[in-house]
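Worksheet for the structure shown next.
No lab work stands behind these numbers, since they all come straight from the coordinates. Computed from a predicted model, the values in this text were never measured in an experiment. With ideal geometry, Cβ positions are generated from the backbone for all residues, glycine too; neighbour counts draw on all protein chains shown.
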Amino acid sequence: MKTKLSKIMSRLVMAALGVLLIANPSTALQSLIRFIGIAIAVIGVFGIISYIAAPYRGFIATAIFSGSIIAVLLSIIPIAKPAVIVAIFPLIIGISIAVNGIVGAFEAVSLRPALGYWFVPLLLSLLAAAAGLVIAFYPFSTMDLLVRIVGVILVYSAVVGLFMTVTYKPPVNKRPPKKGDVVDITDIN
């Protein structure tokens, strides 16, 4: 019963998170970026502390210490100004998707003599390149849309999971267990 209750609670939390993403995507995205910045800062601080506490400080420890200092310094940007990361993130993602789509289009054209259906990968690659350009040049509207899509997927997944959890009845084993059978003790009444 406890596992069923915990599954129901986790599905409700997932649905609430999905509704939050749908209702206010930009605030949710900024909060996520701020959280990631805090996590990077904590990891960096632990790296610094472990370097200071270490009895031996070799090359690898010094490199980790330097990386930890850089991580702490770079984490200031997402913590203090998450909107800057929100503004840059779609541009980087959009350009990388567009470049990947263009490379895929060239690959599809080069496969033309070997494949009879080369136009399908060409069309999909061109669509990916166009989607990447839309993400790069209309970052805020596309990021809000993408966050909302993730929210809808979370709500859908939570509703389906909640339905499955509430309506699932474990199968009843008609025969008693034999010697050597694996028995789940949570199913014994």
**Q.** the stretch 15-83 shape via C-alpha gyration tensor axes, a/c threshold 1.5
**A.** prolate
**Q.** Shape metrics for the stretch 85-130, restricted to C-alpha atoms - Rg then Dmax, Å
**A.** 12.9, 44
(Q) Per-residue counts of other Cβ atoms within 10 Å, averaged by peptide: what ranking do you get for 59-66, 5-12, 44-51, highest first? (A) 44-51, 5-12, 59-66
(Q) Give me the one-decimal Kirkwood hydrodynamic radius in Å for the stretch 12-166, with the sum taken over alpha-carbon pairs. (A) 18.9 Å
Q. Label points 7 Å out from Cα along the Cβ direction at residue 91 and residue 54: separation in nm?
A. 3.6 nm
